[in-house]
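Single-structure report; data block below.
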Amino acid sequence: MKEEVPNAILIPEIIKLMNEGHTVTINIKGFSMQPFLENGRDSVLLSQPAKIHKRSIVLAEIQPGKYVLHRIIKINGNHIVLRGDGNTGTEHCALHDIKGFAIGFYRKGRKKQDKTSGWKWKLYSIIWCGLFPERKYLLAAYRKIWIHIFGPI
């Protein structure tokens, strides 16, 4: 039986583990990283923040107690701009608010990890980020048509 723990309780504990040098795997919760990461289906392997750069997927605290797993779209000194792959809006945080770094994802129940350092995720990141702002139409078609006919990607 799975028990759901509120993020306000769970995430600080995850951050403690990462600060001790552990990696942590958690289930994806939410729809902001669609179409390739799905709520309740996929999970992410997180570590302490590594050398971050544009297109890195990070766990960030955007407000006290409010965390997101989103992609960095801009770094301006200490100021970080984030956007979920399934979002059109942005969030902002400071560099010290980056709490974790996505090493990889376990998708569709697979045991093999899709590493964020691999060519597949790098290519996806370049293409998907390059489609902004047009991707809002692709997301709308995905959510209103594709999922109902074919299921999640």
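Residues in the stretch 98-105: is at least one open to solvent by 60 Å² or more (accessible area, probe 1.4 Å) and either over 12 Å from residue 71 (Cβ atoms) or β-branched (Val, Ile, Thr) (or both)?
no
Taking the stretch 1-16 on its own, how many of its residues are within 23 Å of residue 112 (Cα to Cα) and outside any loop (DSSP other than H, G, I, E, B)?
1
Checking residue 57 against (1) open to solvent by less than 20 Å² (accessible area, probe 1.4 Å); (2) farther than 17 Å from residue 93 by Cα, which test does it fail?
Condition (2) is where residue 57 drops out.
For the stretch 3-29, give me the residue count where each residue is of a type in the set (A, V, I, L, M), farther than 13 Å from residue 101 by Cβ and in contact (Cβ under 8 Å) with a residue 24 or more places away in the chain.
3
The values are calculated or read from the model by the stated rules, or taken from the named source; none is laboratory data. Here the structure is a predicted model, which is why all the values come from computation and not from measurement. Here the Cβ is made from the backbone with ideal geometry for all residues, glycine too, and neighbour counts use every protein chain on show. What goes into the accessible areas is simple: the full protein's heavy atoms, side chains included, and nothing from ligands, DNA or RNA. Shrake-Rupley method; radii C 1.70, N 1.55, O 1.52, S 1.80 Å.
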